[in-house]
Amino acid sequence: MRHNLKTRLGRLIARLDMYLVDHGAFRALYNNLHHLGGGMYRLSQPSPAQLRRYRRTLGVRTVINLRGVNPQQGAYALEEDACRRLGLTLVNHSLGSRRMPSKEEVLALRDAFETIAYPAMLHCKSGADRAGLAAALYRHFHLGEPIEQLTELNWRYGHFKFGNTGRLDYFFDAYLKANRAAPIAFLDWVQNVYDPQALQAEYDHQKHSRLGAWFVDKVLRRE
């Protein structure tokens with residue numbers, strides 16, 4: 001159901017969906033906001049009120065939504081509406097927290113980091129997994145930081161390696177392993193060596209904690 005924000009009832013339903021179904025009540029208390037440098041911030045799904053505050057206090061001009069376009073989702077409908085009202089540019093990129101990123105997704109984010117207006121912020125649902133992946137790519141592509149020095153996929157942001165979200169760590173680990181064997185730039189590796197399907201099959205072939213997967217999927221309810 002597409003949310004109708006033109007009526008009070010429609011806005012109420014969208015807000016209930018955002019706060020109760022999408023766990024926005026927790027994000028209202030802690031938005032997992034962190035500055036990455038260069039005018040970019042990472043965080044969890046922001047509410048309209050938080051967007052207004054960040055525009056006022058941080059001067060944010062662009063919002064990168066890593067959850068993709070989803071008009072049936074109250075949080076997305078409210079975010080799209082708030083960005084329009086506040087004059088913020090909303091850039092939508094769909095990433096997954098339990099799969100390897102595609103080459104196209106990595107390159108699209110690289111291009112976005114070079115063309116958007118700053119200050120900017122990127123977010124997923126919890127600001128832990130997809131935001132961690134995109135934050136690492138931002139710091140490498142835009143700030144020039146080496147992949148081996150990045151710690152954006154970390155428990156302090158709510159990311160855990162056990163379970164299926166560990167695929168995101170495995171993506172970077174695969175590059176570091178290849179780079180140690182024969183030095184290669186990360187972008188060259190992504191474009192010419194990286195095989196998402198093969199790497200995911202390699203990861204899935206290993207034994208992983210069922211308890212860890214249950215915790216990430218059922219308790220944290222990551223997308």
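Values quoted throughout were computed directly from the atomic coordinates according to the rules given, and no laboratory measurement underlies them. These numbers were taken from a predicted model, which means no experiment stands behind them. Reconstructed Cβ throughout: ideal geometry from the backbone, glycine too, with neighbour counts over all protein chains shown.
General remarks:
- Per-residue Cβ neighbour counts within 10 Å put T165, T151, T89 in the sequence T151, T89, T165, beginning with the fewest.
- Cα-projected label distance for R85 with R8, points at 7 Å along beta-carbon direction, nm: 1.5 nm
- Each Lys and Arg adds +1 at its Cβ and each Asp and Glu adds -1 at its Cβ; summed about the Cα centre, the chain shows a dipole of about 1100 debye.
- Cα centre as origin, Lys/Arg/Asp/Glu Cβ charges: segment 132-198 dipole, Debye: 180 debye
- Residue separation of N179 and Y30 scaled by 0.36 nm, minus their Cα-Cα distance, works out to 49.9 nm of gained length.
- Relative to the longest principal axis of the Cα atoms of the chain, the long axis of helix 103-115 lies at roughly 60 degrees.
- Fraction of alpha-carbon pairs over 14 Å apart in segment 48-115 - percent: 62 percent
- Highest GNM mean-square fluctuation among I116, I147, I184, for the chain modelled with Cα contacts below 10 Å: I184.
- Residues of segment 63-84 with amide N under 20 Å of the 7 Å Cα→Cβ point at S94: 63-81
- Estimated translational diffusion coefficient (Stokes-Einstein, Kirkwood radius over Cα pairs, 25 °C, 0.890 mPa s) of segment 8-219: 137 µm² per second.
- Between E80, E152, E104, the residue with the greatest mean-square fluctuation in the GNM of the chain (Cα pairs under 10 Å linked by springs) is E104.
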